[in-house]
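The values are calculated or read from the model by the stated rules, or taken from the named source; none is laboratory data. None of these values were measured; they are calculated from a predicted model. Glycine gets a Cβ as well: all are built from the backbone with ideal geometry, and neighbour counts include every protein chain shown. To get the accessible areas, we keep the full protein, side chains included, count just its heavy atoms, and leave off ligands, DNA and RNA. Shrake-Rupley method; radii C 1.70, N 1.55, O 1.52, S 1.80 Å.
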Amino acid sequence: MFALLRNNIPRQLSRAYSTAPAGGKSGSGILWASLATGAVLAGGYYYTRSKDSQGAAPTASNDPVTAALDPKKFIGFKLKEATPINHDTDHYRFELGPNQVLGMDITSCIVVKAKIGSDEKPTIRPYTPVSPQDARGYFDLVVKRYPEGKMSSHIHSLKPGDELEIKGPIPKYPYKVGALKEVGMIAGGSGITPMLQLIQHVLEDPTDNTKLTLVFANKSEEDIVLRSTLDGYAKKYPEQFKVHYVIDKALDGWKGEVGYITKEVVQKYLPSADRSDVLVSVCGPPPMMKAISGPKAPDFTQGEVSGIFKELGFTSQQVFKF
């Protein structure tokens with residue numbers, strides 16, 4: 001199990017750092033440093049594995065690196081470790097072979113399947129791993145448990161050694177380096193994971209100068225998962241990545257936005273619709289999606305743009321719903 005340590009660094013402000021010098025691009029990013037080494041930075045806490053619990057590092061061999069996923073069939077993956085992040089969100093590490101990567105694309109997700117309780121049909125839900133694309137020997141999920149969520153409750157019930165059936169990757173937005181000048185992102189709760197996948201990919205690519213802005217909405221400050229990872233990226237790449245937090249209710253000392261994501265919040269932080277080289281994306285609970293972008297179509301295609309994005313003039317070519 002991960003050893004849980006309180007972060008001794010003072011609580012970080014909700015705004016992106018502006019005093020740090022602009023960091024150069026490199027292949028060793030914050031998320032890689034925190035997750036690939038067996039650590040997770042989240043919500044003001046630092047989670048790491050002891051040396052004994054990590055076991056021997058995968059040994060390089062002449063065998064080719066293979067992708068573990070199969071887009072045509074479900075495969076069982078064994079859970080290695082489960083670690084609480086906050087009151088309703090856990091970090092899960094699943095095992096791969098020593099010369100295996102999961103096999104994810106940017107941007108893409110996986111789907112998980114489980115026969116739950118007395119249900120006749122299995123439950124199937126999409127999730128986005130938070131581990132780097134080239135992580136070898138493991139992959140990580142961060143899962144928020146919802147009171148009525150069958151799959152999230154099932155995953156939270158798993159113990160080390162249990163298996164979870166997974167298929168993928170399932171392609172999402174066809175991101176290409178240089179196609180966009182700026183991407184604005186709105187995430188709510190567990191909707192942060194596909195945004196984090198894109199953030200990590202862009203910031204760790206030395207050839208990609210796309211600017212990124214994230215507005216991340218949660219019920220309270222304690223509900224902000226992966227906050228230290230996001231703030232770390234904002235500190236390392238202050239000219240390329242900005243993050244702004246919105247919470248429903250705030251205690252004294254909160255410096256970010258309070259309430260719901262409104263038209264004014266979107267106008268304040270995200271790129272405007274009068275540019276053809278921008279994209280705005282959203283991922284979160286259905287009520288938030290409806291208010292900001294409109295829901296997906298019944299067949300899970302993108303559907304029409306409505307809500308705040310439509311009011312601000314964004315077209316279907318400028319909007320992507322994860």
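Table for the structure above
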quantity	calculated
Hits in the range 60-93 (condition: β-branched (Val, Ile, Thr), over 30 Å from residue 222 (Cα atoms) and outside any loop (DSSP other than H, G, I, E, B))	66, 75
The range 210-221, residues that are assigned to a strand (DSSP E or B) and under 15 Å from residue 281 (Cβ atoms)	211, 212, 213, 214, 215, 216, 217
Those residues of the range 194-221 which are surrounded by fewer than 22 Cβ atoms within 10 Å (Cβ to Cβ), under 13 Å from the mean Cα position of the chain (by Cα) and within 19 Å of residue 89 (Cβ to Cβ), in sequence order	none
Search result, residues across the range 107-122 that are within 17 Å of residue 77 (Cα to Cα) and either among the small types (Gly, Ala, Ser) or not in a loop (DSSP other than H, G, I, E, B) (or both)	109, 110, 111, 112, 113, 114
Filter result (open to solvent by 10 Å² or more (accessible area, probe 1.4 Å) and touching a helix residue (DSSP H, G or I) at 6+ places or on another chain (Cβ under 9 Å)) within the range 89-112	90, 104, 106
Tally, over the range 122-144, of residues that are modelled with pLDDT under 95 and open to solvent by 40 Å² or more (accessible area, probe 1.4 Å)	2
Answer residue from the range 222-267, given it is in a helix (DSSP H, G or I), among the charged types (D, E, K, R) and open to solvent by 40 Å² or more (accessible area, probe 1.4 Å) and is modelled with the lowest pLDDT among those	222
Neighbours by Cβ (under 9 Å, 6+ apart or cross-chain): first from the range 92-109, in contact (Cβ under 8 Å) with a residue 60 or more places away in the chain; second β-branched (Val, Ile, Thr) and open to solvent by 20 Å² or more (accessible area, probe 1.4 Å)	103/66; 108/170; 109/170
Enumeration of residues in the range 268-312 that are small (Gly, Ala, Ser), in a loop (DSSP other than H, G, I, E, B) and open to solvent by 20 Å² or more (accessible area, probe 1.4 Å)	272, 273, 276, 284, 297, 303, 306
Filtered residues of the range 177-188 (kept if crowded, with 21+ Cβ neighbours inside 10 Å and either among the β-branched types (Val, Ile, Thr) or under 10 Å from the mean Cα position of the chain (by Cα) (or both))	183, 186, 187
